[in-house]
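Q: Quick one: the structure is below, questions incoming.
Just so it is clear, none of the values below were taken in a lab; they were calculated from the coordinates. All of these numbers come straight from a predicted model, not from anything done at the bench. Glycine gets a Cβ as well: all are built from the backbone with ideal geometry, and neighbour counts include every protein chain shown.
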Amino acid sequence: MTRKTLRRTLRRLYMFIAVILAISLISKLAEHFPFMIGTGIEKVLKDFYEFFKDMALLIATGGVAYVTNVFQKRQAFLDNLKAEWREIIATKSTLLAYMHKPQPTHAEYVSAYTQLSETIDNMRIVYRNVGETPALIGLYPFAPLHDMRRLLQTLDPRKSTPTDDQRKLARDTMLQSFYALRDRFLEELDLEAPDNPILMAGARRWRKSGTTRRARAEQQSEIDVQNALRPQPDDHDALLRDLYAKETAKEAGAANGGAQP
């Protein structure tokens, strides 16, 4: 279920609930309207209110089940969409690696082509063709994948041996097709910017090495318990403590010499 379909479904559901609540309110207040008192409309509205009150639990249960089913379909769609995107990423990497090889083999070409073909066909799990009808095939929803297929076919080692410039052109064009695909394909995921991004180049961690006094005290307490249980450490304990002491000393030296903000 796409985002557009989900919103349309929820909009219809909200309108249905609003209409039912409005009719129920009018039915409840019908006896306060002079022009309705004693009329057939008042009786019908009262009967509707009593019916709605008796069936409220059943209607609410059905509504919850319907909404749950809607969001389950949406989640299943998103899961399939993410799986397809991961497959597209893997296929792009395979094509990029193939297009970098100066003399790829026929087996490598077949492997790359097969993976791309599977990715193209697996799109049917997520989307149907645009304009598809029982009589018409329609248009493939993301044409850049077929552009990538055509580019790969130009590098078939059985037909010719492409030059470095030809491979570079195919490689750059393939990436251009991939970027176009990425911009449209990921729109369905409702992605948001991170709350704590790292936007600068060459970023480093802002915290320095060390811990709190409380944590050191707990560590020392564990050491004291261990020493009480085993006053004379064996070779294993000695080795581990020696390694820990060296690592701690190295980290302390690095923190003192190059502490970061």
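Q: I need 57, 13 ordered by Cβ neighbour count within 10 Å, fewest first.
A: The most exposed by this proxy come first: 57, 13.
Q: Report the one residue of 105, 52, 66 whose Cα lies farthest in the direction of the positive end of the charge dipole of the stretch 45-113 (charges on C-beta: Lys and Arg +1, Asp and Glu -1; origin at the Cα centre).
A: Farthest towards the positive pole: 105.
Q: Also, quick follow-up: How would you rank 66, 98, going from fewest to most other Cβ atoms within 10 Å of each one's own Cβ?
A: The fewest-first ordering by Cβ neighbours comes to 66, 98.
Q: Rounded to the nearest 20 debye, what is the charge dipole size of the stretch 61-156 about its Cα centre when +1 sits on each Lys and Arg Cβ and -1 on each Asp and Glu Cβ?
A: Using Cβ point charges on Lys, Arg, Asp and Glu, the stretch 61-156 gives about 240 debye.
Q: Next up: Taking every alpha carbon pair in the chain, what does the distance histogram look like in 10 angstrom bins from 0, in percent?
A: So the P(r) values, bin by bin, are 5, 15, 14, 12, 14, 17, 12, 7, 3, 1.
Q: Based on Cβ point charges of +1 for Lys and Arg and -1 for Asp and Glu, what charge dipole magnitude is obtained for the chain about its Cα centre, in debye rounded to the nearest 20?
A: 640 debye
Q: How high is the relative contact order of the chain, in percent, counting Cα pairs under 8 Å that sit 6 or more residues apart?
A: 14 percent
Q: According to the square roots a ≥ b ≥ c of the eigenvalues of the Cα gyration tensor, what is the shape class of the stretch 135-192, taking rounded for a/c under 1.5, prolate for a/b larger than b/c otherwise, and oblate for the remainder?
A: It comes out oblate by the Cα gyration axes.
Q: What list do you get for 78, 145 if you sort them by fewest beta carbons within 10 Å?
A: 78, 145
Q: While we're on this one: Name the residue farthest towards the positive end of the dipole of the stretch 78-207 from the options 91, 119, 130, assuming +1 on Cβ of Lys and Arg, -1 on Cβ of Asp and Glu, about the Cα centre.
A: The one lying farthest along the dipole's positive direction is 91.
Q: In deg cm²/dmol and to the nearest 500, what is the mean residue ellipticity at 222 nm of the chain if only DSSP H runs of at least 4 residues count, each as -39500 (n - 2.57), divided by the residue total?
A: -24000 deg cm²/dmol
Q: Quote the Stokes-Einstein diffusion coefficient, in whole µm² s⁻¹, for the stretch 99-207, based on the Kirkwood radius over alpha carbon pairs, a temperature of 25 °C and a viscosity of 0.890 mPa s.
A: D = 144 µm²/s.
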